Amino acid sequence: MLTKTGRRWLRVIHIVFVAGLLGGLASILIVNGLTNLNTREIFVANYSIYTLFNLVVTLAFFGVVTTGVVYSVFTHWGLTKHWWVIGKWLGTVSLFILVWIWLGPAINGMVALSDIARDSNRVPDVYYDLKGSLALVIWLSLLIMCFLIAITIFRPWGQRTQKYEMKRSMVLVLVSIAIVLGGGLGILGYLDLESYRNMKISSPDLTRISDGMYTGTLTHTGFEYAVAVRVKSHRITGVGMVKNRESKFAQWAEGVLPRIVDHQSPNVDGITGATTTSKVLMKAVETTLEGAIK
Ligand code: HEM
């Protein structure tokens, strides 16, 4: 069990992470509320939201849950002894669903769509749908957080009369398994994404490619992406998808295709929020052109 000083430090760290989560979500709400922006400013605003989410909100939430686990395992508050602590766990799970199942992908979508809009100078309607519901989800999250702070201060509903409290050793084992599994899968997924994000893309020598329509494929995580590239007078005059994943990320990543034609090279900036799939499509075009070289 934690000493009195230990509990005080835990409370400091817990409150700092809670403040980070509150501040991160409130900042996203404010930046999301900005209006009358041109397409470049819209992208910058969304890139800030994307960074706030991935850095501040993600780390703060991880910190809140970790200190919550320490509270439940190493202090007298326990896991299921008090109704308000149970309430906090349920509240934290609903926050997780709102923030990770909904808010994260929506923020990814908005930064990707605003990145593509920089080229086309036109922001699609789906972007404004996401923008509107993003504000709603953040208000709901902030409301849940205020409720959790209130039940921490007032500690309503008293102590649970219970016949059984999970042994601390059992809680520790379960928590450790969750951390090892979650952490392990997270690291594997991250390393895979990083391997693609850092993939080098070269610029094939177009002077050695004769006129024609060339098709090529690239397999990533078991899916075979297929592209078609049209070359005329040693210039890329068109790039299109023959086979792409149904996922939103894959659709957003197609934003790199017009950039490849503009830059006459597959080595272009990927679409923010869909970086990995952007790289896969760029590599598929590079491979196709390399294969066409006589
Ligand atoms: C992950 C689940 C969580 C658990 C198990 C948990 C548990 C606790 C416990 C036991 C305390 C100390 C109470 C005391 O000693 O006075 C505490 C303090 C606090 N918690 Fe949490 N918490 C969790 C998540 C959260 C979340 C998500 C928020 C914010 C929305 C939050 C906000 C606070 C605040 C503001 C305090 C300080 C209250 C004070 O200093 O009086 N907690 N929490």
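Run the quick spin-label model on residue 290 and residue 129: label points 7 Å from Cα toward the beta carbon, then report their separation in nm to one decimal. Here the modelled spin labels are 3.9 nm apart. Here is the tail figure for the stretch 4-157: Cα pairs spaced more than 18 Å apart come to 60 percent of all pairs. Mind scanning 131/200; 88/248; 200/248; 131/283 and naming the pairs with a C-alpha gap bigger than 26 Å? From 131/200; 88/248; 200/248; 131/283, over 26 Å: 131/200; 88/248; 131/283. As a fraction of the 1.4 Å probe accessible area of the stretch 4-157, surface on carbon and sulfur atoms comes out at 73 percent. Across the stretch 89-128, counting alpha-carbon atoms alone, Rg and Dmax equal 14.0, 45 Å. Per residue of the chain, the DSSP helices (runs of n ≥ 4 H) give a summed -39500 (n - 2.57) that works out to -21000 deg cm²/dmol at 222 nm. Seen against the Cα atoms of the chain and their longest principal axis, helix 168-197 is set at about 20 degrees.
Remark: accessible surface ordering of 102, 252 (largest first) is 102, 252, probe radius 1.4 Å. For the pair residue 152 and residue 54, a Förster radius of 22 Å applied to the C-beta separation gives a FRET efficiency near 0.20, rounded to the nearest 0.05. With the simple model of a label 7 Å out from the Cα in the direction of the Cβ, residue 4 to residue 31 spans 4.4 nm.
For a straight C-alpha distance cut-off of 27 angstrom, the lysines reachable from residue 81 (same-chain residues fewer than eight places away being disregarded) are 4, 163, 167. The heavy atoms of residue 96 offer some 90 square angstrom of accessible surface to a 1.4 angstrom probe.
For the stretch 104-232, the fraction of alpha-carbon pairs lying more than 23 Å apart is 72 percent, rounded to a whole number. Report, as a whole number in µm² per second, the diffusion coefficient that Stokes-Einstein gives for the stretch 28-95 at 25 °C and 0.890 mPa s using the Kirkwood radius over alpha carbon pairs. Here the translational diffusion coefficient equals 170 µm²/s. Note that the chain presents 55 Å² accessible area per residue, ligands and nucleic acids not counted, probe 1.4 Å. Annotation for residue 192 and residue 172: the two label points, set 7 Å from Cα along the Cα-Cβ direction, are 3.4 nm apart. The alpha carbon radius of gyration of the chain, expressed as a multiple of 2.2 N^0.38 Å, is 1.28. For the stretch 195-236, how big is the tail of P(r) above 14 Å, as a whole percent of Cα pairs? Within the stretch 195-236, distances greater than 14 Å cover 62 percent of Cα pairs.
Accessible surface of the stretch 206-292, 1.4 Å probe: 50 percent of it comes from carbon and sulfur atoms.
Other residues lying with their Cβ under 11 Å from the Cβ of residue 286 contribute a combined charge of +2, Lys and Arg counting +1, Asp and Glu -1. Distance between the C-alpha centres of the stretch 3-31 and the stretch 222-294: 43 Å, rounded to the whole angstrom.
Over all Cα atoms in the stretch 206-292, the spread is summed up by Rg and Dmax: 12.0, 36 Å. Sorted into 5 angstrom bins from 0, the C-alpha pair distances of the stretch 58-101 split as 6, 23, 29, 24, 13, 5, 0 percent.
The values are calculated or read from the model by the stated rules, or taken from the named source; none is laboratory data. None of the values given here were measured: they were computed from a predicted structure. Methodologically, a virtual Cβ is constructed for each residue, glycine included, from the backbone with ideal geometry; neighbour enumeration extends over all protein chains shown. In case anyone asks, the SASA skips ligands and DNA or RNA and just uses the protein heavy atoms, side chains included. Shrake-Rupley method; radii C 1.70, N 1.55, O 1.52, S 1.80 Å.
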